[in-house]
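Data first, discussion second: the structure below is written as structure tokens.
Throughout, read-outs are computed from the coordinates displayed, never taken from laboratory work. Since we're looking at a predicted model, the values are computed, not measured. Positions of Cβ are generated from backbone atoms using ideal geometry, with glycine treated the same way; all protein chains shown enter the neighbour counts.
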Amino acid sequence: MFRLLLPLIVVLLGAAQALGFETRARAAWVYDMTTDTVLLAKDADVPLPPASMSKLMTINMLFEALRDGRISLEDRFSVSSRAKAMGGSTMFLNETDRPTVEELIKGIIVLSGNDACVVVAEGLAGTEENFARQMNERARALGLSNSTFANASGWPHPNQKMSMHDLGRLAVHLIRDFPEYYGYFSLTEFPFDGRAPQNRFNRNPLLKLGIGADGLKTGHTQESGYGLVGSAVQNGRRIVFAITGLSSERERAEEAERIVNWAFRDFVQKTVAEKGTRMAEAEVWLGAERRVGLVLERDLTLLLPSLARDNLKAEIVYESPVEAPIAEGQKLAEMHIELPGIPTVTIPLVAETAVAKGGVASRLRTALGILGGRLMTELSGLWS
């Protein structure tokens, strides 16, 4: 493994030194979608009780069924006695109701209806137990490696766990893959049939603050504390975050707003280098060329802390020498950039040009180079 330390172009930009951000949350994950940058990770991969935030997985299953054409927004689902008996926050459904899929979406997102979740689970999978198995299978397929589901609603259960990282990744998936349905998350009110006037408002405290927030889901149980999976957009930048373990609704609201303000105000987005910029060269083993350029696969756009000035550190890592043949655009290396105050950013580097396998002359040159190197090593040992 070859490692090359670089002063990088960052000396030219004069990057910034961010002040460390301390969150009161038990666990947290903050992510800038626009630049693919993790801004904060605190116990982010620890599986914890997710409370109603796990309803995002139920919503995902519903959105996927809509996308696949298995159901439509106008389809109606029946309500079982089991669904009606659900406690906690509900839509106050009863067995005579036949809510539409769209009403159930709003009921889950805005009202956090536990009864609506059971209706969806039974409507899509026959039973909530079957639905939970399907949730677990889908979670594995989506790469949510620290999540397990026992029910559709987030009702407390030893096997109902999600990490903040998984919740954040699930939110990113919902935003990217279902733009036609994502608008439901920004609804502030859903007075379903006038049945629950005290429960018609969205619990997301960020939606009315005018800070670009447009989702996604709150959660609370005695075991989990108060949590929130949120997202906001400002000036073309979107952030996503997941927090849990706050002590009250007020603390959750304050911490969520503080995270949004920090993520947007303490970082500036800059394109440091364009796609195709050569960052280094790598030696080639048995190739028609002795070296190949390592270039950026895409524009290098970074979030740079905006307070004080300092140099960034970069390290290029690859297996050396690189064996021919090499295809143009083939990934050969990674550049690890240390940004003050946030986790290391990893950027792929690819081959600038194709390098064919060398002929007899290049193989002989390589062999002589190896023998010469060994000879110099032996001679230096004799002289030392």
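Values for this structure:
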{"quantity": "Prolate/oblate/rounded call for segment 174-332, Cα gyration tensor, a/c under 1.5 rounded", "calculated": "prolate"}
{"quantity": "Exceeding the 32 Å Cα-Cα cut-off - candidates Lys106/Lys161; Lys161/Lys270; Lys208/Lys275; Lys217/Lys331; Lys55/Lys331; Lys275/Lys357", "calculated": "Lys161/Lys270; Lys208/Lys275; Lys217/Lys331; Lys55/Lys331"}
{"quantity": "Theoretical gain in end-to-end length, Asn235 to Thr34 [0.36 nm per residue, Cα-Cα removed]", "calculated": "71.3 nm"}
{"quantity": "Anisotropy class of segment 19-70 from Cα gyration tensor, a/c 1.5 cut", "calculated": "oblate"}
{"quantity": "Label-point gap, in nm, between Glu189 and Glu251 - each point 7 angstrom along Cα→Cβ", "calculated": "3.1 nm"}
{"quantity": "Mean ellipticity per residue at 222 nm, deg cm²/dmol - from DSSP H runs of n ≥ 4 across the chain, formula -39500 (n - 2.57)", "calculated": "-9000 deg cm²/dmol"}
{"quantity": "Long-range amide H partners of Gly358 with built H, under 5 Å", "calculated": "Gly287, Ala288"}
{"quantity": "P(r) histogram, all alpha-carbon pairs of segment 168-254 included - 5 Å bins from 0, percent", "calculated": "3, 14, 21, 24, 20, 12, 5, 1"}
{"quantity": "Rotationally averaged projected area of segment 108-194 (alpha carbon convex hull; nm²)", "calculated": "6.4 nm²"}
{"quantity": "0 to 90° range, to nearest 10: angle between helix 249-265 axis and the chain longest Cα axis", "calculated": "30 degrees"}
{"quantity": "FRET efficiency, Arg278 to His336 (Cβ-Cβ, R0 30 Å, nearest 0.05)", "calculated": "0.95"}
{"quantity": "Relative intensity, log₁₀ I(q)/I(0), of the chain from a Debye sum that treats every alpha carbon as a point, q = 0.11, 0.15 Å⁻¹", "calculated": "-0.83, -1.22"}
{"quantity": "Cβ-derived FRET efficiency at R0 30 Å, Leu142 paired with Lys270, nearest 0.05", "calculated": "0.45"}
{"quantity": "Potential extension, Thr346-Arg82 segment - 0.36 nm per residue separation minus Cα distance", "calculated": "90.2 nm"}
{"quantity": "Mean-position separation - Cα centroids, segment 314-355 and segment 33-77, in angstrom", "calculated": "32 Å"}
{"quantity": "Among 27-40, 67-80, the order from most to least packed when residues are scored by Cβ within 10 Å on average", "calculated": "27-40, 67-80"}
{"quantity": "Sequence-distant aspartates and glutamates (8 or more away, or on other chains) whose Cα lies within less than 20 Å of Lys84", "calculated": "Asp75, Glu95, Asp97, Glu102, Glu103, Asp115, Glu122, Glu128, Glu129, Asp193"}
{"quantity": "Calculated over segment 74-126: convex hull of Cα atoms, volume per residue (Å³)", "calculated": "59 Å³"}
{"quantity": "Three-way shape label, segment 242-362, alpha-carbon gyration tensor, a/c 1.5", "calculated": "prolate"}
